[in-house]
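Visitor: Take a look at the following structure, please.
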Amino acid sequence: MSSPVSGNLWRNWSGLASATAHRVAAPRSAQDVVQAVDRARASGLGVKMAGSGHSFTDIAAPEHTLLRPEELSGVVEIDRAAMTVTALAGTPLKELNLSLERLGLSLHNMGDIAEQTLAGATSTGTHGTGGVAAGLSAQLAGLEMVTGTGELLRATPEENPDVLDIARVGLGALGILTSLTFRVEPLFVLEAHEEPMGWDEALARHDEVVAAAHHVDMYWFPHTDRTMVKQNVRTTLEPGEQQPPGRLAAWWEDEFLSNTVFGGLVKALDRAPRAVPAVNQVTGRALSERTYSDLAHRVFVTPRRVVFREMEYAVPREVGLDVLRECRRVIDAHDWRISFPVEVRTARPDDVPLSTAHGRETLYLAFHTAAGTDHTDYFAGIEPILRAAGGRPHWGKLHTMTAADLAGVYDRWEDFRAMRERLDPDRVFANPYLRRVLGD
Ligand SMILES: Cc1cc2nc3c(=O)[nH]c(=O)nc-3n(C[C@H](O)[C@H](O)[C@H](O)COP(=O)(O)OP(=O)(O)OC[C@H]3O[C@@H](n4cnc5c(N)ncnc54)[C@H](O)[C@@H]3O)c2cc1C
């Protein structure tokens, strides 16, 4: 895992947020975490555990003590009867995926990278697309954490179920997670079909395509009529029978076109933004139709080496495509030059109180700029459309909502605040981001 911490400096992946910690420690056990929290409480100074720094916001920024995740890593328990696997909270998702693969097991669903730590990913509601549950938090069967009062607490459906209910997306505000238990499935193979589609066809057929494939991810190239629709379907192939893209084809599509050429173009376009629409036409055309199959986690995850900034909102699915059309209208009416595609994903309703997909069919709309490009006009132009639709911002991505705004889009908001009052009454885990989104 590339670490967001160097000496006392914490800096996130996109380079947009940084902070200097007064003290840095790397706990090796839950007891080490208890000691760090006791020390923070006694001194009245805060403590924050960082993940891999892949949130675009300052949600993980320490104010005083920073705990690094690296030593709290690895699978600790496999329960084949219950089909659950427990791993330490700092385990990178990609290491869990490999361990599960060796055990003949798999997560049900995940996002498009696997660099994040388990605690970081679940704490911000990280999600993929489609499936029975799109979010990682909805796949949790238990967790262990150290609360703001220094108590080591286990939460399962039998033990402290009210804590499990709420702490699955905890924003790092309720406690420091020490281990997480995921429900798992037998290892399975997905067939991926990537298909360029015109804007009108992609929107007209979106519901049909989502109904037919287990996981659908759509990319629209701004300033063009081009989209790329990725449909992943569960197959009856046994692990070992999959047909991944040849090494050359994989390198060409995933590494060369999607990272090397795209990265070079993005840098060049920063200097010549007028060329963006023409280049987007070419990029949209260069990605060709292809079909391959592979183990699920290898299909879900794509290398992302071009650094970017991102805002993503979850809007109600029934208005989602109209919201996307309105976003396109606003993009077309402005002079912005947007070199990154807009990503569209779906989620079934889940029951995690602060999950962006809580209680409703969801369409996720994600907007990006290159890391070196000022995103403010673009995101400020789009965000009101997403907010007017009752949108909920991804907790780890850029947005401007505050506690007062968020209270209106989450019906379990007060339950979360009450749990925070109970688990972290002295606000040992507070930082500027949490003060903005949770208040006091
Ligand atoms: C290239 C890229 C691709 C991405 N793709 C997706 C995607 O497909 N879907 C999606 O939903 N999101 C995606 N994200 C967002 C990302 O999944 C989230 O921002 C996630 O939180 C990052 O995890 P992390 O380990 O880097 O956590 P960090 O960003 O380091 O921390 C996030 C939060 O978790 C808290 N935390 C960390 N460890 C603990 C602990 N042990 N106990 C309690 N709290 C803890 C931190 O304090 C902080 O509040 C992507 C981000 C990037 C940069």
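Visitor: With unit charges on the beta carbon (Lys/Arg positive, Asp/Glu negative), name the residue among Gly359, Pro432, Thr126 whose Cα is farthest towards the positive pole of the charge dipole of the chain.
Guide: Pro432
Visitor: Follow-up question, since we're still on this one. With a ≥ b ≥ c taken as the square roots of the eigenvalues of the C-alpha gyration tensor of segment 382-425, please select rounded if a/c is under 1.5 and otherwise prolate if a/b is larger than b/c or oblate if it is not?
Guide: Values: a/c = 3.22, a/b = 2.06, b/c = 1.57.
It is prolate, given that a/c is not under 1.5 and a/b is the larger ratio.
Visitor: Can you give me the distance in nm between label points at Leu98 and Val319, each placed 7 Å from the Cα along the Cα-to-Cβ direction?
Guide: 4.5 nm
Visitor: What are the residues whose amide H is under 5 Å from the amide H of Ala89, where those residues sit 5 or more places off or on another chain and H is modelled from the backbone?
Guide: HN-HN under 5 Å from Ala89: Ser179, Leu180.
Visitor: Classify segment 287-417 as rounded, prolate or oblate, taking a ≥ b ≥ c as the square roots of the eigenvalues of its Cα gyration tensor: rounded when a/c is under 1.5, otherwise prolate if a/b is larger than b/c and oblate if not. Working shown, then result.
Guide: Values: a/c = 1.68, a/b = 1.16, b/c = 1.44.
Oblate is the answer for segment 287-417, as a/c is 1.5 or above yet b/c matches or exceeds a/b.
Visitor: Within a Cβ distance under 13 Å of Ser29, other residues only, what is the Lys/Arg minus Asp/Glu net charge?
Guide: On the way: positive: Arg28; negative: Asp32, Glu71, Glu144.
That sum, taken over residues with Cβ under 13 Å, equals -2.
Visitor: Relative to the Cα centre, what is the charge dipole magnitude of segment 344-440, using +1 at the beta carbon of each Lys and Arg, -1 at the beta carbon of each Asp and Glu, and rounding to the nearest 20 debye?
Guide: Numbers: 13 positive and 14 negative charges, 25 e Å.
The calculation lands at about 120 debye.
Visitor: Follow-up. Show me, for segment 227-238, the HN-Hα J-couplings you get by feeding each phi into the Karplus relation (A = 6.51, B = -1.76, C = 1.60, θ = phi - 60°), rounded to Hz, glycine and proline as x.
Guide: So the Karplus estimates, Gly and Pro as x, are 9, 10, 10, 9, 10, 10, 10, 5, 10, 8, 5, 7 Hz.
Visitor: Nearest 20 debye, what's the magnitude of the dipole of segment 382-426 about its Cα centre given +1 on Lys and Arg Cβ and -1 on Asp and Glu Cβ? Numbers along the way, then the final one.
Guide: Working: 7 positive and 8 negative charges, 38 e Å.
Around 180 debye, computed over segment 382-426.
Visitor: Same structure again: Report the residue, chosen from Ala403, Ala82, Ala366, that carries the largest GNM mean-square fluctuation when the chain is represented by alpha-carbon nodes joined by springs under 10 Å.
Guide: So, out of Ala403, Ala82, Ala366, the one fluctuating most is Ala82.
Visitor: Compute, for the chain, the length of the dipole vector about the Cα centre, with Cβ point charges of +1 (Lys, Arg) and -1 (Asp, Glu) only. Units Debye, rounded to 20. Each step should come with its number before you reach the end.
Guide: On the way: 45 positive and 58 negative charges, 220 e Å.
Result for the chain is approximately 1060 debye, rounded to the nearest 20.
Visitor: What Kirkwood Rh does the chain have if only Cα atoms enter the pairwise 1/r average? Answer in Å. Can you show the working numbers first?
Guide: Working: mean 1/r = 0.0451 Å⁻¹.
One over the average 1/r among Cα pairs gives 22.2 Å for the chain.
Visitor: Mean-square fluctuation check for the chain, GNM, Cα pairs under 10 Å: which of His215, His64, His297 is largest?
Guide: His64
Visitor: A further question on this structure: Going by the alpha-carbon gyration tensor, a ≥ b ≥ c the square roots of its eigenvalues, is segment 79-145 rounded (a/c under 1.5) or, if a/c is not under 1.5, prolate (a/b greater than b/c) versus oblate? The partial results should precede the final answer.
Guide: Working: a/c = 1.26, a/b = 1.17, b/c = 1.08.
Cα axes put segment 79-145 in the rounded bin.
Visitor: Then there's this: Which of Val76, Trp13, Met197 sits farthest toward the positive end of the charge dipole of the chain, with +1 on the Cβ of Lys and Arg and -1 on the Cβ of Asp and Glu?
Guide: Trp13
Visitor: What number, in percent, do you get for the relative contact order of segment 75-186 if the mean sequence gap of Cα pairs under 8 Å and at least 6 apart is divided by its residue count?
Guide: On the way: 212 pairs, mean separation 35.8, N = 112.
Relative CO of segment 75-186 lands at 32 percent.
Visitor: Over the chain, what is the relative contact order in percent, taking alpha-carbon pairs closer than 8 angstrom and at least six residues apart? Present the calculation step by step, with values, prior to reporting the outcome.
Guide: Working: 963 pairs, mean separation 78.6, N = 440.
It rounds to 18 percent for the chain.
Visitor: For Gly90, what charge total do you get from the other residues with a beta carbon under 9 Å from its beta carbon, if Lys and Arg give +1 and Asp and Glu give -1? Numbers along the way, then the final one.
Guide: Details: positive: Arg68; negative: Glu70, Glu71.
That works out to -1.
Visitor: Another question, then. For the ranges 231-240, 423-432, what's the packing order if you count other beta-carbon atoms within 10 Å of each residue, average per peptide, and put the highest first? Before the final figure, lay out the partial values.
Guide: On the way: 231-240: 14.6, 423-432: 19.0.
Output ranking for 231-240, 423-432: 423-432, 231-240.
Visitor: Over segment 31-127, what relative contact order in percent results from Cα pairs under 8 Å that are six or more residues apart? Please report the intermediate quantities before stating the final value.
Guide: Numbers: 129 pairs, mean separation 22.0, N = 97.
This gives 23 percent for segment 31-127.
Every number in this text was worked out from the coordinates using simple rules, so none of it is lab data. All values derive from a computational prediction rather than experimental measurement. Quick reminder, even Gly has a Cβ in these numbers, built from the backbone with ideal geometry, and neighbours come from all protein chains shown.
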